[in-house]
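Data first, discussion second: the structure below is written as structure tokens.
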Amino acid sequence: MLATAAYLALITALANASGIGYLLFPELGALGSVVFSDPRGSWARSPLLLALTPFLTALPGVLITRSLPYGPLALALDVAVCLLVIGALRSPIVPALSAGVLPLALGITSWQYPLAILAGTGGLALLVILRPKLAMAWRQSLGPKPLGDHAGLMSPDAPIAFPGSTQAPGERSGQPSLAAPAAGPGRVQTSAGTSLRTWLPPLVIFLAGGLGLVEVLGSHLVLYPPLMVIAYEMLAQPEHCPWHGRVGAVLTVTGGAAVAGLLLVQTLGVAPLACLLAVLATALLLHLTRLKCPPAYGLALLPFVIPTPPQAYPLLTLAGTAWLLLVVELHRARERRRGGREWNP
């Protein structure tokens, strides 16, 4: 996790130096946490898609934001186009959905935004590619190994032992591997049990109700971009979503991450140290609750790209999360009742 925090701190420093705030794409936290902890997962094994998918969804996101006002048509079109792009590429990088929705949520109309996204995800992909060499250099810096000790012969897929890391070499983060493309979050292709007609209606209900909350509460942040990723994973990939059914833990972690991100920005400003602490605070929350929910990092990092994050930011995002979880639980209850009727005619 220190590797993710260090990378985000570096990106923050570059964003401040260049004046391009969009370099700090909030979902970089989720992407980094997975590729650094699970080098055999499909995200880490697809560096080209890791770099390009968020860029390719950011392009239509900016175009839609420039062409349509925020509302049902713009949001539905944005989400649909992003899912089509991810599906057409057969990409496992579902957080790219957040890259497409972020312009609409924050009113970003600059074409500089997709290029900034590409710079951040491209740098992450480059680190993934260079990972074996970095690992070997780290091993060699520790000095020679005794004869018979093969620990220094690290395979390209083995994790890098960054200082302070507690990730075991064989540990997984819940993401799918290329050997089993249908298993785990991060695939647009759904399993046989979650067809389009099964998960699309509750997704539409979630978006419609969320837009109602946006009107009532007066902020687009109710439907914050990482929430789209959380919603897709819970509705379209329930069998492989590691946070599915963890209602209390999801509310705790997402709410805590939002509070941490807001307080750090208000206290330290958009600074590398603040970004590093936001990532570590979210990692601690995930550890304490034993939850695997990479999109939670986006909640802690979103205040870093909002020009003036409101004091009510944690409550606004919590309202959106609670609404999604309600829709998901009602959908699960309906599916259980329908399954019971099929087995007991």
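The values are calculated or read from the model by the stated rules, or taken from the named source; none is laboratory data. Note that the coordinates shown come from a computational prediction; the quantities given were computed from them, not determined experimentally. Cβ coordinates were reconstructed from backbone atoms using ideal geometry, including for glycine residues, and neighbour counts include every protein chain displayed.
Worth pointing out:
- Residue ID - farthest from the chain's Cα centre (by Cα), chosen from residues in the stretch 266-306 that are under 18 Å from VAL222 (Cβ atoms) and outside any helix (DSSP H, G or I): ILE306
- Looking only at the stretch 1-13, and only at residues there that are over 15 Å from the mean Cα position of the chain (by Cα) and closer than 18 Å to LEU130 by Cβ, the one that is surrounded by the most Cβ atoms within 10 Å (Cβ to Cβ): ILE11
- Search result, residues across the stretch 101-114 that are assigned to a helix (DSSP H, G or I) and without any contact (Cβ under 8 Å) to a residue 60 or more places away in the chain: PRO103, PRO114
- Qualifying residue in the stretch 258-265 (condition: within 26 Å of PRO103 (Cα to Cα) and either under 13 Å from the mean Cα position of the chain (by Cα) or not in a helix (DSSP H, G or I) (or both)): no
- Subset tally (residues that are of a type in the set (D, E, K, R) and surrounded by fewer than 23 Cβ atoms within 10 Å (Cβ to Cβ)) for the stretch 72-94: 1
- Here GLY261, GLY298 are screened, and the one residue that is touching a residue at least 40 places away in the same chain (Cβ under 8 Å) and under 22 Å from LEU83 (Cβ atoms) is GLY298.
- Answer residue from the stretch 26-58, given it is among the small types (Gly, Ala, Ser) and assigned to a helix (DSSP H, G or I) and is surrounded by the most Cβ atoms within 10 Å (Cβ to Cβ) among those: GLY29
- Checklist (1) more than 23 Å from GLY209 (Cα to Cα); (2) buried (at least 18 other Cβ atoms within 10 Å of the Cβ) applied to ARG338, failing item: (2)
- Any chance LEU251 is assigned to a helix (DSSP H, G or I), over 21 Å from VAL229 (Cα atoms) and under 20 Å from the mean Cα position of the chain (by Cα): no
- From the list PHE36, PHE25, the one residue that fits, being at pLDDT below 95, out of contact with any Gly (no Cβ under 7 Å at 6 or more places or on another chain) and within 19 Å of ALA119 (Cβ to Cβ), is PHE36.
- LEU73 vs. criteria out of contact with any strand residue (DSSP E or B) (no Cβ under 8 Å at 6 or more places or on another chain), in a helix (DSSP H, G or I) and more than 19 Å from TYR297 (Cβ to Cβ): yes
- Residues of the stretch 11-25 that turn out to be of a type in the set (Val, Ile, Thr) and under 21 Å from LEU127 (Cα atoms), as a count: 2
- Scan the stretch 87-114 for residues that are of a type in the set (A, V, I, L, M, F, W, C) and within 14 Å of the chain's Cα centre (by Cα) and the total you get is 7.
- Taken over the stretch 87-110, the criterion of being touching a Lys or Arg at 6+ places or on another chain (Cβ under 9 Å) and either of a type in the set (A, V, I, L, M, F, W, C) or closer than 16 Å to TRP43 by Cα (or both) is satisfied by ARG90, SER91, PRO92, VAL94.
- Count of residues meeting criterion [in contact (Cβ under 8 Å) with a residue 24 or more places away in the chain, in a helix (DSSP H, G or I) and surrounded by fewer than 20 Cβ atoms within 10 Å (Cβ to Cβ)] in the stretch 308-318: 1
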